[in-house]
Amino acid sequence: DQQVKQNSPSLSVQEGRISILNCDYTNSMFDYFLWYKKYPAEGPTFLISISSIKDKNEDGRFTVFLNKSAKHLSLHIVPSQPGDSAVYFCAASVIQGAQKLVFGQGTRLTINP
Amino acid sequence: DAGITQSPRHKVTETGTPVTLRCHQTENHRYMYWYRQDPGHGLRLIHYSYGVKDTDKGEVSDGYSVSRSKTEDFLLTLESATSSQTSVYFCASGGPTYNSPLHFGNGTRLTVT
């Protein structure tokens, strides 16, 4: 059973517009959530995170929203740029010593000029 | 760049042979992790380490073993490789607090024929 799900395998957005990537989770014990970005032939790189005590976290063009009651989080990128084209993974963990991340399947974002 | 390197980057091996993948980090991170990435599954945790000689199982640990004899090195061994272990393997390391983001290596693509 997939505890973290990204139901959209791909998303195409025009440059300059907003990109919204979604993620759902089932385990109510998760209290820390992250987004990673991955380019081909590279490892994932950390983008932004949010703990369950917050419902929003911003970092430049990137904002993550958390809806605990719906067990849903989303990543907003605005404005979208061509360099944002990549695979985006959401991940969740329980705050403890080791950060044992549970990843979603990923969403491939393509930014069109 | 967290200074985490994986070797080899690519490997082809035959079913039944032992294989060892290496991960080296220069950040003095306490925690290290091995993940595998497969289509439709995102990244799944194989094993992790919370210190020298301290390791524990992750979600998909069957058929894998790990060792950590030094802070900077974390080895993943497939005792007898099977075709189901064909995958891309990522190593990650992380700092002392829960909100220290994991830094990933660039992966090892392993093919078991």
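The values are calculated or read from the model by the stated rules, or taken from the named source; none is laboratory data. Owing to the predicted nature of the structure, the values given are computational and were not obtained by experimental measurement. Please note: Cβ atoms are built from the backbone with ideal geometry, for glycine as well, and neighbour counts cover all protein chains shown. When the accessible area is computed, the model is the full protein with side chains, heavy atoms only, and any ligands, DNA or RNA have been set aside. Shrake-Rupley method; radii C 1.70, N 1.55, O 1.52, S 1.80 Å.
Let's see how each residue does on (1) within 12 Å of chain B (Cβ to nearest Cβ); (2) among the aromatic types (Phe, Trp, Tyr):
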site	(1), (2)
A:Ser49	yes, no
A:Asp55	no, no
A:Glu58	no, no
A:Phe65	no, yes
A:Pro82	no, no
A:Ser93	yes, no
A:Gly97	yes, no
A:Gly104	yes, no
A:Thr110	no, no
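Residues checked against (1) small (Gly, Ala, Ser); (2) under 21 Å from A:Gln81 (Cβ atoms):
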{"site": "A:Asp1", "(1), (2)": "no, no"}
{"site": "A:Val4", "(1), (2)": "no, no"}
{"site": "A:Ser10", "(1), (2)": "yes, yes"}
{"site": "A:Glu15", "(1), (2)": "no, yes"}
{"site": "A:Ile20", "(1), (2)": "no, yes"}
{"site": "A:Thr26", "(1), (2)": "no, no"}
{"site": "A:Lys38", "(1), (2)": "no, yes"}
{"site": "A:Ile48", "(1), (2)": "no, yes"}
{"site": "A:Arg61", "(1), (2)": "no, yes"}
* Asked: Here are some residues: A:Ser80, A:Ser85, A:Ser74. Which one is among the hydroxyl-bearing types (Ser, Thr, Tyr) and within 10 Å of the chain's Cα centre (by Cα)?
  -> A:Ser74
* Any residue in the range B:79-97 that is open to solvent by 10 Å² or more (accessible area, probe 1.4 Å), more than 13 Å from every other protein chain (Cβ to nearest Cβ), touching a helix residue (DSSP H, G or I) at 6+ places or on another chain (Cβ under 8 Å) and of a type outside the set (S, T, N, Q)? -> no
* Structure fact -> Checked against (1) away from chain B (no Cβ under 12 Å); (2) crowded, with 20+ Cβ neighbours inside 10 Å, A:Cys23 satisfies every condition except (1)
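Looking only at the range A:26-42, how many residues end up being within 19 Å of B:Phe90 (Cβ to Cβ), open to solvent by 30 Å² or more (accessible area, probe 1.4 Å) and touching a residue at least 40 places away in the same chain (Cβ under 8 Å)? Walk me through it before giving the result.
If we filter the range A:26-42 for residues that are within 19 Å of B:Phe90 (Cβ to Cβ), which is where we start, we get A:34-42.
From what is left, the residues that are open to solvent by 30 Å² or more (accessible area, probe 1.4 Å) are A:39-42.
Right, trim to touching a residue at least 40 places away in the same chain (Cβ under 8 Å) and you get A:39.
Of the residues in the range A:26-42, 1 are within 19 Å of B:Phe90 (Cβ to Cβ), open to solvent by 30 Å² or more (accessible area, probe 1.4 Å) and touching a residue at least 40 places away in the same chain (Cβ under 8 Å).
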* To do: Quickly run through the range B:7-47 and pick out the residues that are within 11 Å of chain A (Cβ to nearest Cβ) and aromatic (Phe, Trp, Tyr).
  => B:Tyr31, B:Tyr33, B:Tyr35
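Identify the residue in the range B:98-113 that is open to solvent by 40 Å² or more (accessible area, probe 1.4 Å) and over 18 Å from B:Met32 (Cβ atoms) and, among all such residues, is nearest to the other protein chains (Cβ to nearest Cβ).
Here is the first cut: in the range B:98-113, the ones open to solvent by 40 Å² or more (accessible area, probe 1.4 Å) are B:98-99, B:103, B:106, B:109, B:111, B:113.
Within this subset, residues satisfying the condition of being over 18 Å from B:Met32 (Cβ atoms) are B:109, B:111, B:113.
Details: B:Arg109: 9, B:Thr111: 15, B:Thr113: 21 Å.
So, considering only residues that are open to solvent by 40 Å² or more (accessible area, probe 1.4 Å) and over 18 Å from B:Met32 (Cβ atoms), the one nearest to the other protein chains (Cβ to nearest Cβ) is B:Arg109.
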